[in-house]
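Submitted below is the structure of interest, expressed as structure tokens.
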Amino acid sequence: MSLKDQPHQHKDIPTQRATTPVDNAPERGTRAAFVAVVRIATGLVFLWAFLDKLFGFGYATPSERAWINGGSPTQGFLGNIDHGPFAAMFRGWAGAAWADWLFMLGLAGIGIALVLGIGLRIAAVAGTVMMLLMWAAEWPLDRFTDAGEPTMSTNPILDYHVIYALVMIWLAIVAAGNTWGFGKQWAKLDTVEKNPWLR
């Protein structure tokens, strides 16, 4: 029998089962919405702190110590630091006009950027610097104050300042301003296109 006369043998060729692509749009939409909620909520934390120190709503800042009434936004916090290697430096900054202005501009700028979803890279850098300075001021590594009283530190490294900094960095990385914000419009501005660090 010649090769031509032999019956053709079919090899079993694995066939790929046709699959319908899963529509992940609802899941992506839910994720984007959650990220937007985290962004806006974080921004409102900073805006509330700014407004409370500016007007003195009677929560953290009584009205008589409001900035518009002549109070200092940094005096209460920095002036009462009683432990840590930088305590004397921070107490020296307390009530200084430059410190008050930088602190208040930082709170307002970071809050507005996060709520609107614009300039998140700048907000992340500025917010991280602010949070690290506040972490250093509170110095959670110490268990006792200079007078021997407990500092009430709950964690020597990871406190809320570090978490806020990480959240702001994450929001900038994932371009959180593109959902429920003006991130896309901001990115299309000529100045921002030429200077991507402004995004």
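Would you mind checking the radius of gyration and Dmax of the range 148-199 based on alpha-carbon positions, in Å?
17.5, 56
For the range 31-78, what mean projected area does the convex hull of the alpha carbons give, in nm²?
That works out to 3.7 nm², a quarter of the Cα hull's surface.
A follow-up question, please. What is the distance in Å between the Cα centres of the range 40-71 and the range 151-199?
The range 40-71 and the range 151-199 have Cα centres spaced 22 Å from each other.
For the peptides 79-87, 44-52, what is the packing order when you average, over each peptide's residues, the other Cβ atoms within 10 Å and list the highest mean first?
For the peptides 79-87, 44-52, the packing ranking is 44-52, 79-87.
Another one. In degrees between 0 and 90, to the nearest 10, how far off the longest principal axis of the chain does helix 97-116 point, with axes built from Cα atoms?
For 97-116 against the chain, the angle is about 30 degrees.
Taking the chain as the reference, fit the longest principal axis to its C-alpha atoms, fit the long axis of helix 120-138 to the helix C-alpha atoms, and give the angle between the two in degrees, 0 to 90, nearest 10.
Approximately 50 degrees, to the nearest 10.
Go through [x] 1.06; [y] 1.65; [z] 1.01 and flag the label whose value is the computed Cα Rg over 2.2 N^0.38 Å for this structure.
This structure yields the entry labelled [y].
Please rank Met89, Met152, Met130, fewest neighbouring Cβ atoms within 10 Å first, as an exposure proxy.
Ordered by Cβ neighbours within 10 Å, fewest first: Met152, Met89, Met130.
How far is helix 160-173 tilted off the main Cα axis of the chain, in degrees rounded to 10, range 0 to 90?
40 degrees
Values quoted throughout were computed directly from the atomic coordinates according to the rules given, and no laboratory measurement underlies them. Treat the numbers as computed from the prediction; the structure is a model and nothing was measured. Neighbour counts run over all protein chains shown; Cβ positions are idealised from the backbone, glycine included.
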